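To start, the structure under review is shown below, and the notes come after it.
Nothing in this text is a laboratory measurement; each read-out follows from the coordinates by a stated rule. Everything numeric here is computed off the predicted structure, so don't read it as measured data. Please note: Cβ atoms are built from the backbone with ideal geometry, for glycine as well, and neighbour counts cover all protein chains shown.
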Amino acid sequence: MTPPSWPPGAGRGIISIMEAAWTDDSVRRAARGRLKKGIVRLFLEQARAEAAAAVRSRLSFRSSRNPDAVRAYCAMTQAEFEGINARQRWANWRTIPKTLRGRLPSRPCRALDLCSGAGHSTEVLAWCLPPGSTLVGLEFNPAFADAAAARDYRDATGGPARVFFRAQSVLDPFLDERGLLVAAGSVDVVNSSGALGLHFDRAALGVVADEISRVLRPGGLAAVDSCPKGIGPDEMSELFAARGFTEAGRARSCFLDRFTQLCLVKNGGFS
Ligand SMILES: C[S@@+](CC[C@H](N)C(=O)[O-])C[C@H]1O[C@@H](n2cnc3c(N)ncnc32)[C@H](O)[C@@H]1O
């Protein structure tokens with residue numbers, strides 16, 4: 001894998017709008033190395049897994065009532081989840097790099113991956129963050145958090161990434177890798193993929209957005225998924241604007257994708 005060239009100015013700690021830290025080519029190579037399958041096979045794998053899980057548990061995970069969604073996810077086996085999340089895993093390699101590109105600090109940062117599942121979004125986020133960054137995944141289902149912790153995480157230079165997981169609801173105050181409350185204004189990036197836009201109603205999402213706003217430093221980034229079946233992109237943008245965020249961009253994996261990931265910048269930092 002060709003190492004990316006990180007932008008100059010390391011250590012300044014400001015959001016960079018300079019040259020992207022990685023190329024489309026290096027993202028594609030990294031995605032191919034991890035996914036090993038194309039979108040058609042992943043799509044079929046997901047359809048089969050969804051049908052099998054629906055028959056077995058009679059629960060639908062596609063709910064914007066969060067208690068129903070987490071009950072369905074907790075009723076899945078790890079293998080069922082891997083199948084059900086196949087398309088999401090592919091999409092993450094397209095949306096997360098697009099959302100964060102050219103907007104990350106040059107120095108190592110602190111990041112959270114909300115609703116991190118089995119670590120599929122976390123592995124992309126770990127790859128995108130500057131080497132030396134610390135990343136904590138927060139996931140409701142302890143079995144998924146354990147499976148995520150067993151994976152190998154690499155940054156874009158191929159070096160090991162510092163990644164930790166906690167089993168907790170993101171509706172509770174965010175805790176760090178030591179189980180301590182994440183300090184206000186201490187986080188550079190909060191990511192959410194395939195979760196906040198679909199599995200939370202407006203009231204629940206308000207709770208999560210308040211906590212995201214608390215932990216992010218001024219100028220920090222919230223990369224948050226939205227979905228027309230739940231909280232759509234405009235509603236998501238408004239919800240964060242009411243908490244002092246400015247939308248900086250939107251990304252979709254492809255034109256058929258129902259999910260749009262928004263890049264929201266907490267006001268008050270350098271741009
Ligand atoms: C579609 S999966 C996405 C997983 C991961 N972000 C990815 O992109 O691969 C949604 C995840 O959200 C988790 N989840 C839903 N509600 C949650 C909550 N209140 N707190 C923490 N995790 C939650 C589910 O357990 C599930 O693992």
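Relative contact order, percent, of the chain when contacts are C-alpha pairs under 8 Å separated by at least 6 residues? Intermediate values should be presented prior to the final figure.
Working: 563 pairs, mean separation 48.8, N = 271.
Averaging sequence separation for qualifying contacts and normalising by length gives 18 percent for the chain.
Can you give the helix-only mean residue ellipticity at 222 nm for the chain, where every DSSP H stretch with n ≥ 4 adds -39500 (n - 2.57) and the sum goes over all residues, rounded to the nearest 500 deg cm²/dmol? Could the numbers behind the result be given before it?
Values: 10 runs with 107 residues, N = 271.
When only DSSP H runs of four or more count, the value is -12000 deg cm²/dmol.
Give me the percent relative contact order of the range 130-190, please, defined on Cα pairs under 8 angstrom at least 6 residues apart. Walk me through the numbers on the way to the answer.
Working: 81 pairs, mean separation 21.5, N = 61.
Rounded, it is 35 percent for the range 130-190.
Just how far, in whole angstrom, is the range 241-255 from the range 170-232 if you go by their alpha carbon centroids?
For the range 170-232 versus the range 241-255, the Cα centre distance is 14 Å.
Loop only by DSSP, 15 or fewer other Cβ within 10 Å of the Cβ. Give me the chymotrypsin sites (Phe, Trp or Tyr not before Pro) in the range 221-271 that pass, ordered by residue number. Working shown, then result.
Details: sites: F240, F245, F255, F259, F270; in loops: F255, F259, F270.
Those satisfying the criteria are F255, F270.
How high is the relative contact order of the range 172-271, in percent, counting Cα pairs under 8 Å that sit 6 or more residues apart?
It rounds to 29 percent for the range 172-271.
Among the listed pairs K98/K229; K36/K229; K36/K98, which have their C-alpha atoms separated by more than 26 angstrom in this model?
Table pairs above 26 Å Cα-Cα are K36/K229.
When the expected Rg is taken as 2.2 N^0.38 Å, what fraction or multiple of it is the alpha-carbon Rg of the range 55-177? It would help to have the intermediate numbers written out before the result.
Details: Rg = 14.8 Å, N = 123, 2.2 N^0.38 = 13.7 Å.
Output field value: 1.08.
Within the range 57-165, what percent of beta bridges assigned by DSSP are antiparallel, to the nearest 5? Mind dumping the intermediate values first?
Values: 1 of 10 bridges.
Once the DSSP bridges in the range 57-165 are tallied, antiparallel ones form about 10 percent.
Looking at the range 88-266, what % of the alpha carbon pairs are farther apart than 21 Å?
Counting every Cα pair in the range 88-266, those more than 21 Å apart make up 41 percent.
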